[in-house]
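All of the numbers you see were taken from the coordinates with simple rules; none came from a lab. This is a predicted model, so every value here is computed, not measured. Cβ: placed from backbone, ideal geometry, glycine included. Neighbour counts: every protein chain shown.
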Amino acid sequence: RYEGMIFDLDGVLTDTARFHYAAWKRLCEEIGCYFDEIINEKLKGIGRMESLNIILNENDIEISDEGKQFLADRKNLYYKEMISKITPMDLLPGVSELFQRLNELGVKKAVASASRNACTVLERLGIIDYFQYIVDTDRIKNGKPDPEIFLNASKGLGIPPKKCIGVEDSQAGIEAIKKAGMYAIGIGKPDTLYKADLVLRDLRDTDRIISILLP
Ligand code: G16
Ligand code: MG
């Protein structure tokens, strides 16, 4: 049986993925950059500065480090404005029920998000106390698809990777979970998350998830 579940935040527990998209879109419109859903897919689970680098690369734009910092800060300002309105109503379907079941079963939970805004979002959602461990992104040297963030979470929970299930909505995240040696549940579409062991539309099918946890 599995003893721990490690959750990504954006796109798994709440739909902040659309806020990241909207914030980048707004920035790109201001600076005359092209940005679409296809580029956005590559940014999921990827850190802020690396995301900006991907956008600038796609547009063949080169700018100074100070310029990049300015743009990344600006995007974050837009993003923070958007997440300031989050409430517990913004939890994605199935999350509350799943957490309750996991608590009853004594399954430990952690958050492995690349976002520096993760704690703010978890607090606004009212779920921060559900987690035994939240990865501090500042301590992670290599972002997803490197397994470091998930290995850190398993260590933080005190549960070996083999006994953990990781849940992700991004390609980079699924790759990270698999490299960490965990069972991977993808949230989204099977064609983009084909590396996952199981792909679900959301976390609503609690019975299915429990049957994997406790075979
Ligand atoms: C999230 C998002 C990414 C975002 C990153 C950094 O990762 O998926 O799109 O670029 O966090 O966020 P911030 O700019 O708030 O530090 P995850 O791992 O939660 O999906
Ligand atoms: Mg995500």
- Conditions: (1) more than 13 Å from ligand 1 (Cβ to nearest atom); (2) more than 24 Å from Ala110 (Cα to Cα); (3) touching a Leu at 6+ places or on another chain (Cβ under 8 Å); (4) not β-branched (Val, Ile, Thr). Arg1 meets all but one. Number of the miss? (2)
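Out of everything in the stretch 135-159 that is assigned to a helix (DSSP H, G or I) and of a type in the set (Val, Ile, Thr), what residue ends up being nearest to Glu175 (Cα to Cα)?
Applying the first criterion (assigned to a helix (DSSP H, G or I)) to the stretch 135-159 yields 137-139, 148-157.
Imposing the further condition that a residue be of a type in the set (Val, Ile, Thr) reduces the set to 137, 149.
Details: Thr137: 18, Ile149: 12 Å.
Ranking the candidates gives Ile149 first.
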- Task: Could you list all residues from the stretch 75-99 that are within 16 Å of ligand 1 (Cβ to nearest atom) and touching an Asp or Glu at 6+ places or on another chain (Cβ under 8 Å)?
- Result: Asp90, Leu92
- Filter result for Leu102 (more than 30 Å from Cys33 (Cα to Cα), aliphatic (A, V, I, L, M) and either touching a residue at least 60 places away in the same chain (Cβ under 8 Å) or within 13 Å of ligand 1 (Cβ to nearest atom) (or both)): yes
- Query: What pairs come up if the first residue lies in the stretch 144-158 and is of a type in the set (Gly, Ala, Ser), the second is part of a helix (DSSP H, G or I), and their beta carbons are under 8 Å apart, counting only those six or more places apart or on different chains?
  - Reply: Ser154/Pro161
- Message: Need the failing condition index for Asn117 against (1) farther than 16 Å from Arg18 by Cβ; (2) of a type in the set (S, T, N, Q); (3) within 13 Å of ligand 1 (Cβ to nearest atom), just the number.
- Response: (1)
- Are any residues in the stretch 131-147 of a type in the set (D, E, K, R) and within 14 Å of the chain's Cα centre (by Cα), and if so, which ones? Asp136, Lys144, Asp146
- Matching residues in the stretch 87-122 - criterion: being of a type in the set (Ser, Thr, Tyr) and buried (at least 18 other Cβ atoms within 10 Å of the Cβ): Ser113, Ser115
